[in-house]
Amino acid sequence: MNRTPLFPAAASGARPAPLPGIGPVTVSVPAAVRFRAACPDCRGRFELAAAALRLAIGATSRTTFYTFTCPECGASVRKPAGERIIELLTGGGVRTLRLHTAL
């Protein structure tokens with residue numbers, strides 16, 4: 001897995017340069033941000049608000065995924081998240097959980 005630092009997308013699409021010694025930056029995201037999704041169970045297609053999604057970032061591609069509940073059938077859906085999905089979801093205000101490995 002390519003270890004690329006993630007930054008919220010700027011309005012122009014350019015990424016800001018990381019600042020040494022400064023932690024995460026809080027970015028305000030419009031409430032109207034919606035993500036298209038599909039349910040593998042009922043095959044429903046719909047749009048979800050950022051609050052309806054959760055992103056988990058793990059040490060490997062197997063442990064990096066996003067989840068949501070299908071609004072049509074109520075199924076809990078878990079899908080893998082690659083680098084581009086991670087960038088879109090974090091830039092869109094989706095809550096993120098970073099998974100750690102025990103030492």
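Name the single residue that is most open to solvent (accessible area, probe 1.4 Å) among those in region 80-103 being part of a strand (DSSP E or B) and of a type in the set (K, R). Selected residue: R95. Taking every residue in region 31-47 that is farther than 20 Å from I85 by Cβ and pairing it with any residue that is of a type in the set (D, E), at least 6 positions away or on another chain, the pairs with Cβ-Cβ distances below 8 Å are C42/E72.
Results for (1) assigned to a strand (DSSP E or B); (2) of a type in the set (A, V, I, L, M); (3) open to solvent by 50 Å² or more (accessible area, probe 1.4 Å), shown as yes or no for each residue.
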position	(1), (2), (3)
P40	no, no, yes
R43	no, no, yes
F46	yes, no, no
L55	yes, yes, no
R62	no, no, yes
F68	yes, no, no
C73	no, no, yes
R78	yes, no, yes
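One residue is enough: does region 24-35 have a residue meeting the conditions modelled with pLDDT of 85 or more and among the aliphatic types (A, V, I, L, M)? The answer is yes, given that some residue of region 24-35 is modelled with pLDDT of 85 or more and among the aliphatic types (A, V, I, L, M).
Every test in (1) modelled with pLDDT of 60 or more; (2) more than 11 Å from the chain's Cα centre (by Cα) is passed by L19 save one, and that test is (1).
The values are calculated or read from the model by the stated rules, or taken from the named source; none is laboratory data. These numbers were taken from a predicted model, which means no experiment stands behind them. All Cβ positions, glycine included, derive from the backbone under ideal geometry; neighbour counts span all protein chains shown. Please note that ligands, DNA and RNA were not included when accessible areas were found on the heavy atoms of the full protein model with its side chains. Shrake-Rupley method; radii C 1.70, N 1.55, O 1.52, S 1.80 Å.
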